[in-house]
Amino acid sequence: MPSRSLLALALVLLASGLAAQTSPFEPFAAPRAADHERGIEAGTRRADGAPGELYWTNSAHYRIEATLDPAAARLDGRAVLTYRNRSPRPVNQLRIHLRQNLHRAGARRTRTVEVTPGFELDAITMDGEEVPARGRYGYRVGGTVMTIGLQAPIPAGGERQLEIRWHFTVPRAGHAPRMGHENNRVFYLGYWYPQFAVFDDLEGWTADPYYGNGEFYMDYADYDVSLTVPEGWLVRATGDHVNPEETLTEEARARLARAMTSREVVSIVDEEDLAAGRATRSGTEGRLTWKFRAEGVRDFAISASDRYLWDATHAIVPDRDGPGKDGLCLIDAVYETNAAPWKRAAEYARHTIEYMSARVHPYPWPHMTACEGIIGGGMEYPMMTLCGTPRSDRGLQSLIGHELIHMWFPMLVGSNEKRYAWMDEGTTSYYSSLVAADFWQREDPARAAIRGYARSMAGRPNERASMGHADHFEGSSFGAASYSKPAAVLHQLRGMLGDETFDRAMRTYAGEWAWKHPRPHDLWNTFSRVAGRDLGWYFRCFHQETWTVDQAVALKAEEGSVRVTVANRGSAVMPTVLELERKDGATERIVIPVAHWLGGSREWSLAASPDVVRARIDPEGLVLDVTPDDDEAALDS
């Protein structure tokens, strides 16, 4: 679009203008975070947004054996958890999330849920010795977080292993956020096992309790998981299915092989298979154990049902195995027979994986599964998404696209969803609109996203800054601050920087922070580095504040000229693209650099040619102006 190159020019002008206006610029810069500054001093972060040479993340290995009793809606599990301390300092305690405790009677929460006993801990041992439920070196449970004191700290480079046996009642669909069961026939297991909290370079242990609304912050780990279910129950999960010959029929395995060579969507288990009892192999005493392995993922989810149809195809992932070396990714879709729109689900998933791999970063994992059922919206887990069934094909494509884009944000780029929900939800919402436009061959969605926010949400009494903690928003303010506004802010930024610079910045950010934990300043500083100029004013205006853009243009005939006046009435600032139209229909454009507004000016004026009859600002509609009606002015005839 023409305005993108013009706004890019505006930033070039900004760079030169700021040299003489350093002081007026300062109030608009993104305020520094003390913990981020400590990271820079420690060498784990860099001031330009990249990870520091001394950056580290801790990791873990989970070996889990679980049994699901669908009739009783009960899961019994045994996990051997190994915590690996890759930090430069000793770890004196372990913190473990027990998120099913959200369902306990009296638990603090932000939504209504089914009351269950939560995680019922049957035994905890460390290094072969029982961990007591009290004492300095015992375990204590506070809400959804368990803390275990360590007699001997885990040294830098060391590890510690513990075993936990537990069980819990799986809550019903609609009575649990992000997981549950539907009539004891469809199960989706999320936050179903004890999981280590994050110990990071800026805060040490970061174990915010789970209240229901805010999502998660997780470290990367390897998983070996076995789930035993009745025969006839299909199981899909995060990770590779490592024992298909023990669980799948020979015909199903042949169809899967065909799905990896054909661009057509292949039916792996169809209605005839379900009716004939051929969904799986026969098991021992009526049960089958499904085994999965995943490496370098931040969570592990499972879906299981005796009602699932299963479709598959594959995506081509450019450069996944090195420059010029494409990789293949198995695409699965499982859904019930009455979910008609899901017949195209594998196609939607394939398109999303291929689009995002080409645009942002190669999808790194071996498969992607879209699961239908139990919740109205959607929820993401590594290599797995859970989606309801909208009424239309476009609604389902949009929902699946959004949830799959979360494989990049935050599954690959592991931001803290509870503290900074906009970093994953806003970025995902931005790319969701681009993926949908590309799939359906619609026009660029930038203008619609920008106008939608500016006209319906900007400046409203309940608007909140995007930087708020997910648990602290009320009502619709969370959706605006975390989804729609930051998506519109990214569309506006792309318009300002131009497609090439914006895409290069996002690819740089995703590549440098893959399998790491970026904070907002890392994202902002990366964009400034790639753009070659300080964008702190931009992120201050649109992420840290609720300031609004309100620019207006006016024309007035004067002797021998036409006076063009542009006013900046809002608290936020943006470069201004001004288009002048003459009597003969010819037009010219002028860019007012953002440095003019950053310097404190509220008005810009020009004595234009006397044949100017009309003026427009933001002619492409790519600025979050809350009063677009005064963006155009004409001389009275």
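The values are calculated or read from the model by the stated rules, or taken from the named source; none is laboratory data. Computed from a predicted model, the values in this text were never measured in an experiment. Every residue, glycine among them, receives a Cβ derived from its backbone with ideal geometry; neighbour counts consider all protein chains shown. SASA here: full protein model, heavy atoms, side chains in, ligands and nucleic acids out. Shrake-Rupley method; radii C 1.70, N 1.55, O 1.52, S 1.80 Å.
Here is how the numbers come out for the structure above:
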quantity: Filter result for GLU347 (of a type in the set (Asp, Glu) and buried (at least 24 other Cβ atoms within 10 Å of the Cβ)); calculated: no
quantity: Flag if LEU102 is in a strand (DSSP E or B) and either surrounded by 14 or more Cβ atoms within 10 Å (Cβ to Cβ) or in contact (Cβ under 8 Å) with a residue 12 or more places away in the chain (or both); calculated: no
quantity: Qualifying residue in the range 291-310 (condition: farther than 19 Å from MET383 by Cα and exposed (fewer than 15 other Cβ atoms within 10 Å of the Cβ)); calculated: no
quantity: Hits in the range 252-273 (condition: open to solvent by 50 Å² or more (accessible area, probe 1.4 Å), out of contact with any Ser or Thr (no Cβ under 9 Å at 6 or more places or on another chain) and in a loop (DSSP other than H, G, I, E, B)); calculated: THR261
quantity: Residue match in the range 204-219 (condition: buried (at least 19 other Cβ atoms within 10 Å of the Cβ), outside any loop (DSSP other than H, G, I, E, B) and either in contact (Cβ under 8 Å) with a residue 40 or more places away in the chain or of a type in the set (S, T, N, Q) (or both)); calculated: no
quantity: Answer residue from the range 65-83, given it is buried (at least 21 other Cβ atoms within 10 Å of the Cβ) and not small (Gly, Ala, Ser) and is nearest to GLU53 (Cα to Cα) among those; calculated: TYR83
quantity: Verdict on ARG111 being open to solvent by 60 Å² or more (accessible area, probe 1.4 Å), in a loop (DSSP other than H, G, I, E, B) and either under 26 Å from TYR220 (Cβ atoms) or touching a Cys at 6+ places or on another chain (Cβ under 9 Å) (or both); calculated: no
quantity: Wholly within the range 571-637, strands (runs of 3 or more DSSP E) carrying at least 1 residues that are touching a Phe, Trp or Tyr at 6+ places or on another chain (Cβ under 9 Å) and surrounded by 15 or more Cβ atoms within 10 Å (Cβ to Cβ); calculated: 576-582, 587-592, 603-608
quantity: Inter-residue pairs, beta-carbon under 9 Å, first over 23 Å from TYR538 (Cβ atoms) and in the range 465-487, second among the β-branched types (Val, Ile, Thr) and open to solvent by 10 Å² or more (accessible area, probe 1.4 Å), 6+ apart; calculated: ASP471/THR110
quantity: Hits in the range 391-413 - residues which are within 14 Å of ALA339 (Cα to Cα) and not in a helix (DSSP H, G or I); calculated: ARG391, SER392
quantity: Matching residues in the range 311-334 - criterion: being surrounded by fewer than 21 Cβ atoms within 10 Å (Cβ to Cβ), charged (D, E, K, R) and either touching a residue at least 24 places away in the same chain (Cβ under 8 Å) or touching a Ser or Thr at 6+ places or on another chain (Cβ under 6 Å) (or both); calculated: ASP319, ARG320
quantity: Strands (runs of 3 or more DSSP E) lying entirely in the range 274-345 (those with 1 or more residues that are touching a Pro at 6+ places or on another chain (Cβ under 7 Å) and of a type outside the set (Ser, Thr, Tyr)); calculated: 287-297, 309-317, 327-335
quantity: Among residues of the range 488-510, those that are within 30 Å of GLY212 (Cβ to Cβ) and either modelled with pLDDT under 95 or open to solvent by 10 Å² or more (accessible area, probe 1.4 Å) (or both), counted; calculated: 1
